[in-house]
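Some notes on the structure that comes next.
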């Protein structure tokens, strides 16, 4: 997948093919986003135009959402979805004042788009003055087409990044997976923790992540992919470890049937199902007994999937 750091850079790199351009933030690259790419493929090589930072972080930072995926993960997901090129347009307050006409020209004249594919609620330009109708009119004048993809629903729920965030924050990672088309995951590096797990027979990898979005505190069945590509089932705890009087939220994963040293390694943790909320226990023996039950439950979930 080609990567351009602005529309200007993409326009300066001519292509012989007229692309099908998809527009959106594409946070999470969920089933709704994937529907855009599927329709776009009928018209030409798919080019995704996205924005960084998320416009909400610029225009309403106090209300800005926690992003589902990091930039690197989003680009990986776009590539996996068959996108030929991604344009990451820097979003600033100045760019937000771009007129609808100038934005249309950047796509239809600059990129020479054969088609522009957008979601049903798409708006653009200063004060969101541009609409699907105005974009269609501008495209028709240039011999291009606009396709609007209706809402995608799963079990009666409209697929959206905001709904995915809601489910993840509630710990409903299985529901989030149905909207994403894959388990919610986060990437991180294994760092040194307090190493209590190994003293009770359940060593854990303490995963430090840059992901803005993490599931609600609790215990989860997970799959963990190591840097060498190996994948292990596991049980993960997100929380402050109240039994030990902790205060900092950590993500710790016990990998099934694994032995070795993971310190400093990159891992990807995919969340399959929440098993229970975080609890305080009277002592180590009660905690150990519960962890044994958690591991059995997590193994059942991993083996089921």
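The values are calculated or read from the model by the stated rules, or taken from the named source; none is laboratory data. Source: prediction; values computed, not measured. For neighbour counting, all protein chains shown are included, and Cβ atoms are generated from backbone atoms with ideal geometry for every residue, glycine included.
Residues checked against (1) farther than 19 Å from residue 175 by Cβ; (2) at pLDDT 95 or above; (3) outside any strand (DSSP E or B):
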{"residue": "197", "(1), (2), (3)": "yes, no, yes"}
{"residue": "215", "(1), (2), (3)": "no, yes, yes"}
{"residue": "221", "(1), (2), (3)": "no, yes, no"}
{"residue": "229", "(1), (2), (3)": "yes, yes, yes"}
{"residue": "233", "(1), (2), (3)": "yes, yes, no"}
{"residue": "253", "(1), (2), (3)": "yes, yes, no"}
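So which strands (runs of 3 or more DSSP E) stay within the range 101-192 end to end and still have 3 or more residues that are in contact with a helix residue (DSSP H, G or I) (Cβ under 7 Å, 6 or more places away or on another chain)? Let's see the steps before the verdict.
Numbers: elements: 115-119, 145-149, 184-191.
Per the criteria, 115-119, 145-149.
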Checklist line | Positions within the range 275-287 being surrounded by 15 or more Cβ atoms within 10 Å (Cβ to Cβ) and farther than 18 Å from residue 207 by Cα, in sequence order | finding: 275, 281, 287
Notebook entry, point to check: Here are some residues: 122, 103, 51. Which one is touching a residue at least 40 places away in the same chain (Cβ under 8 Å) and farther than 20 Å from residue 1 by Cβ?
Noted result: 122
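Going by the conditions given, is residue 112 more than 11 Å from residue 23 (Cβ to Cβ), loosely packed, with under 14 Cβ neighbours inside 10 Å, out of contact with any strand residue (DSSP E or B) (no Cβ under 8 Å at 6 or more places or on another chain) and assigned by TED's automatic domain parsing to the domain that holds residue 53?
Spelling it out, it is not the case that residue 112 is more than 11 Å from residue 23 (Cβ to Cβ), loosely packed, with under 14 Cβ neighbours inside 10 Å, out of contact with any strand residue (DSSP E or B) (no Cβ under 8 Å at 6 or more places or on another chain) and assigned by TED's automatic domain parsing to the domain that holds residue 53.
Restricting attention to helices (runs of 4 or more DSSP H) lying wholly within the range 11-91, give those where 1 or more residues are modelled with pLDDT under 95 and either surrounded by 15 or more Cβ atoms within 10 Å (Cβ to Cβ) or within 19 Å of the chain's Cα centre (by Cα) (or both). Before you say what the answer is, go through the steps one by one.
Numbers: elements: 31-40, 55-59, 71-80.
The helices (runs of 4 or more DSSP H) meeting that bar are 55-59.
Given 186, 179, which one is under 22 Å from residue 267 (Cβ atoms) and at pLDDT 95 or above? Before the answer, list the steps.
Values: 179 fails: under 22 Å from residue 267 (Cβ atoms).
Criteria check complete, one pass: 186.
For (1) in contact (Cβ under 8 Å) with a residue 40 or more places away in the chain; (2) more than 17 Å from residue 249 (Cβ to Cβ); (3) in the same structural domain as residue 108 (by TED's automatic domain parsing); (4) surrounded by fewer than 16 Cβ atoms within 10 Å (Cβ to Cβ), each residue gets a yes or a no:
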site	(1), (2), (3), (4)
148	no, yes, yes, no
169	yes, no, no, yes
205	yes, no, no, no
214	yes, no, no, no
219	yes, no, no, no
232	no, yes, no, no
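Against the definition (modelled with pLDDT under 95 and closer than 24 Å to residue 54 by Cβ), how does residue 167 come out, yes or no? If you could, list the steps in order and put the result at the bottom.
Values: modelled with pLDDT under 95: no; closer than 24 Å to residue 54 by Cβ: yes.
Spelling it out, it is not the case that residue 167 is modelled with pLDDT under 95 and closer than 24 Å to residue 54 by Cβ.
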Margin query: It is to be established whether one or more residues within the range 298-305 are within 17 Å of residue 184 (Cα to Cα), within 23 Å of the chain's Cα centre (by Cα), at pLDDT below 90 and outside any helix (DSSP H, G or I).
Written below: yes
Notebook entry, point to check: When residue 72 is evaluated against the numbered criteria (1) touching a residue at least 60 places away in the same chain (Cβ under 8 Å); (2) on the phi > 0 side of the Ramachandran plot, which criterion, by number, is the only one it fails?
Noted result: (2)
